[in-house]
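Written out below as structure tokens is the structure these notes cover.
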Amino acid sequence: MAGNVCAGGFPSRRDPRMKPYYESGGITIYRGDCRDVLPTLDPMDLVLTDPPYGLPGEDVGAALEGLRMITWGCAGVFSDWRNSHLFGALPGKAGELAWEYGWISGGRARAKSGAMPTHNTIHLFGDTTRLHFITGSIIHRQPGFSSPRQCSFAKKTGHPFEKPVPLLKWLLAKMDGDSVLDPFCGSGSSLVAAQSLGRKAVGIEIEEKYCEIAARRLDQEVLDLGLVAFLG
């Protein structure tokens, strides 16, 4: 399609007919299937995403198809034990992290179903000079890094599998790039993390209810930062 010229002199692929669901302060959300939206977007510096990976009702094949459409400079992709082998086999694998997302306590300690999973894998892809991790690193349990789903006192957005913003900020801080893409952005935790770091970001989400939650969170972040600046 005819387009403008973006940074670096490459033709822009952004389709002016693609109307954002939300757009403010360098953060954009598109509502739709990422396989439809991705071809209309300009290239982004890095990808950080938590795709559907095998829980009931989730289409793993569609998630993998969408991720294969992206040419990433560097990327971090979450998966759990069910389909880690599929996401880890995507092209350009550079390493991985193990994120200890919960505590072995309460119901987990009393579970009668045998061993319980307590970590996710974060697969790293692309240019290793832009990824400031040690291959095989473990992100240990620490305050603010536990999954909101596993933490009774965490503020929850309503998305059943949201990731903690402090963890996503920590990951983004170790990945070089000014613009962030999350093709499965859910309730927008990755976008909130990017916003707090002053990075541009694009999120894609197929469910309108989560687009709305993400938009409200981003607006609240702007209000909170404005209040801090006023009081400071």
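Every number in this text was worked out from the coordinates using simple rules, so none of it is lab data. Predicted model, so just to flag it, every value in this text is computed and none were measured. Cβ sites come from the backbone with ideal geometry, for glycine too, and all protein chains shown count toward neighbours.
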Need the full-extension length gain, residue 208 to residue 65, defined as separation in residues times 0.36 nm minus the C-alpha distance. One decimal, nm.
49.3 nm
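So if each residue of separation counts as 0.36 nm, and I subtract the Cα-Cα distance between residue 82 and residue 24, what length gain in nm does that give?
Details: separation 58, 0.36 × 58 = 20.88 nm, distance 3.63 nm.
Between residue 82 and residue 24, full extension yields 17.2 nm more.
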Using θ = phi - 60° and the Karplus form 6.51 cos²θ - 1.76 cosθ + 1.60, what ³J(HN,Hα) does each residue of the range 194-211 get, whole Hz, x for Gly and Pro?
5, 4, 5, 9, x, 9, 6, 8, 10, x, 10, 8, 7, 9, 4, 4, 7, 4
Take the cross-link list 19/93; 19/200; 169/200 and give me the ones stretching past 22 Å between alpha-carbons.
19/93
For residue 140 and residue 118, extending 7 Å from Cα along the Cα-Cβ vector and measuring point to point gives, in nm, a value of 1.3
